[in-house]
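Structure first, then comments.
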Amino acid sequence: MPEFITPQAPPDALPPAIPGGDPRLRVLTPDGRQAREQPKWRRDFPIDTTEDNYVARRDFTKFMVLISASFVAGQGWIALKTLEGGDRGAGPRAIAKVDDLAVGQAAVFAYPGEHDTCLLVRVADGEFLAYGNKCTHLSCAVTPDVASGRLLCPCHHGSFDLATGRPLAGPPRRPLNRVALEVRDGTVYATGVEERTV
Ligand code: FES
């Protein structure tokens, strides 16, 4: 806090008053010289260093409180999303007939939302696999390469294991979302999405 003195000298000999403050209170100048001997900038901005630091600390505290609040809100949002994650089910939905795909062929479908594009791959006679087709690096569309047992991302040469959806090479670090499937009466159904982080 600034040091104050009660003015008893002619006004021009006094240190400047605090702007907007009690006119009887004056700020002591750091060098102790009279007001008329102070440089113009000090007369225009009569806040001493102590007060200046006080304002700066107050602003800094406000800033830190705001940053902390944003951080807490962000963590809450992430926790919420994590709880929502895991098995994201939208109910069973028919996505293909078994006979639509030969072994080694793939088809694109949307599940659970219309913008959630996925890949259905028939890897063996009675075996289908499905994954979200957005690369976990920067969301390019991956394509299946059944012969090599991989899903390939053309953007930065990333690749994923076709059997598990886990990253094998390139920049991706997280596995692809896996779509749970059920085959009933000659029809392949998507029944849920497993969002995985490892
Ligand atoms: S977007 Fe797939 S490797 Fe970069």
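Things worth noting here:
- Within the range 164-178, the set of residues being more than 8 Å from the ligand (Cβ to nearest atom) and at negative phi comprises T164, R166, P167, L168, A169, R173, R174, P175, L176, N177, R178.
- Leading residue by the ranking (nearest to the chain's Cα centre (by Cα)) among those in the range 130-163 that are away from the ligand (no atom under 12 Å from the Cβ) and under 18 Å from T197 (Cα atoms): G132
- Residue among L138, L176 that alone is touching a Phe, Trp or Tyr at 6+ places or on another chain (Cβ under 8 Å), closer than 18 Å to H115 by Cα and not in a strand (DSSP E or B): L176
FYI, it's all coordinate maths here, none of it is from the lab. Since the structure is predicted, the reported quantities are computational estimates derived from the model, not experimental observations. Reconstructed Cβ throughout: ideal geometry from the backbone, glycine too, with neighbour counts over all protein chains shown.
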